[in-house]
Amino acid sequence: MRHAAPRRTLEPHEEVRTLPHYLVGEALDGILYVSSPPIARKQGLTPLLGRAPEGWWWTAEPRLLLGQDVLVPDLAGWVGGRPRTADAGAFIERAPDWVCEVLTPATAKLDLGIKLPRYARAGIGHAWVVNPVHRVVEVFRQDHERWVLQRAFVDEERVRADPFGNVELMLSPFWTQG
């Protein structure tokens, strides 16, 4: 008689590692969320990458390991250079200083309802939320684990906002996506 071999059940944060490279996996409160990043979102981020203000290091879709949670912001930045990664580059354990989420119909509830509060609890100081459909960029700063809206940019092509001081950033790549 054959018996099925017991299958070891992975914790959601461990299961993220098993996903194919073309899928984005996030683990929050013991739940695994899997998505495929929209091409338009990636195209909007591409011009911003490599244009990090002096003293900053930016990257798209870093896999952040914050406690037992794995979060993948669309863009994140660290002051003072590239953070070390854990397990041969699998996860970054150091919380970024800034995150940016680009909303899509498929990700808006997760980004706004679950991930933003988690970023605040992790001590991330600044967050931007980009809504390409409505051409709005909201700039937040964290205050006692809560987000405070500093400014909303509506249909602006150039933005000067915290935490980047007087550095001017072009957001028009987000608006040209269709």
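Derivation of every value follows stated rules applied to the coordinates shown; laboratory data play no part. Computed from a predicted model, the values in this text were never measured in an experiment. Note that we place each Cβ from the backbone using ideal geometry, even for glycine, and neighbour counts take in every protein chain shown.
Charged side chains reduced to their Cβ positions (Lys and Arg at +1, Asp and Glu at -1) give the range 69-178 a dipole of some 140 debye around its Cα centre. What list of whole percents do you get for P(r) of the range 57-178, with Cα-Cα distances grouped in 10 Å bins up to the one holding the largest distance? Over the range 57-178, the share of Cα pairs per 10 Å bin runs 13, 46, 34, 7, 0 percent. Here the Kirkwood formula, the inverse mean of 1/r across different C-alpha pairs, assigns the range 107-178 a hydrodynamic radius of 12.9 Å. Our note on the geometry: Cα centres of the range 97-121 and the range 10-24, 19 Å apart. Here the mean projected area of the convex hull built on the C-alpha positions of the range 63-125 is 4.3 nm².
Qualifying trypsin sites (Lys or Arg not before Pro) in the range 70-135, where qualification requires a DSSP coil assignment and no more than 12 other C-beta atoms within 10 Å, comprise Arg84. Stretching the chain fully between Lys109 and Val148 yields a gain of 12.2 nm (0.36 nm per residue, less the alpha carbon separation).
For Leu66, the residues whose modelled amide H falls within less than 5 Å of its own, excluding neighbours fewer than 5 places apart on the same chain, are Leu71.
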